[in-house]
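Report on the structure given below.
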Amino acid sequence: MRPILIVIGIVVRWFAILILRKYFTVNVAIQKGHVITQTGLYKYIRHLSYLGTLLSFFGLWICMSNWISICILIIPISYALVNRMQIEEQALKDASEKEYLNYCSKTCRLIPKVY
């Protein structure tokens, strides 16, 4: 039962990648004709892929049953992803500030009504 959170995280991440299709890249880049995806879970969450990643690592931490692993897994990965979110959001603001800020006003970064 413990690995279920890992699987859910993987499914959420792949779902995000499939929704974004050609706009999903490993590098922060705005592509020609780039549009802000606002369908599916992206209607509520701006960084769905990172939510999936965090869910998977949180599940791994639970499987390890070890508090030291939170320092090794969750804290550095969370820090890196928050930095990455800020970089992506700035790139999207630079590309289409009004549209992106409107989208931000309707969504949360990772967890609806929390963050």
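Read the figures in this text as sums done on the coordinates, not as results from a lab. What you are looking at is a predicted structure, and each value in this text was computed from that prediction instead of being measured. Every residue, glycine as well, gets a Cβ built from its backbone with ideal geometry; the counts of neighbours run over all protein chains shown.
Each of Ile72, Leu20, Tyr50 was placed along the dipole of the chain (beta-carbon charges, centred on the mean Cα), and the one lying farthest toward the positive end is Leu20.
Quick one: divide the alpha-carbon radius of gyration of the stretch 55-115 by 2.2 N^0.38 Å and tell me what you get.
Dividing the Cα radius of gyration by 2.2 N^0.38 Å gives 1.45.
Considering only alpha-carbon pairs that sit under 8 angstrom and 6 or more positions apart, the relative contact order computed for the stretch 1-53 is 58 percent. Just checking the listed ones, Ala91, Ala16, Ala80: in the Gaussian network model of the chain with Cα springs under 10 Å, the one fluctuating most is Ala80.
For the chain, the longest principal axis of the alpha carbon atoms and the long axis of helix 4-20 meet at an angle near 10°. Remark: the chain carries a charge dipole of roughly 260 debye about the Cα centre, counting +1 on each Lys and Arg Cβ and -1 on each Asp and Glu Cβ. For the chain, the longest principal axis of the alpha carbon atoms and the long axis of helix 74-106 meet at an angle near 20°.
Volume per residue for the chain equals 102 cubic angstrom (convex hull of Cα atoms). Counting every alpha-carbon pair across the stretch 1-59, the share separated by more than 20 Å comes to 28%.
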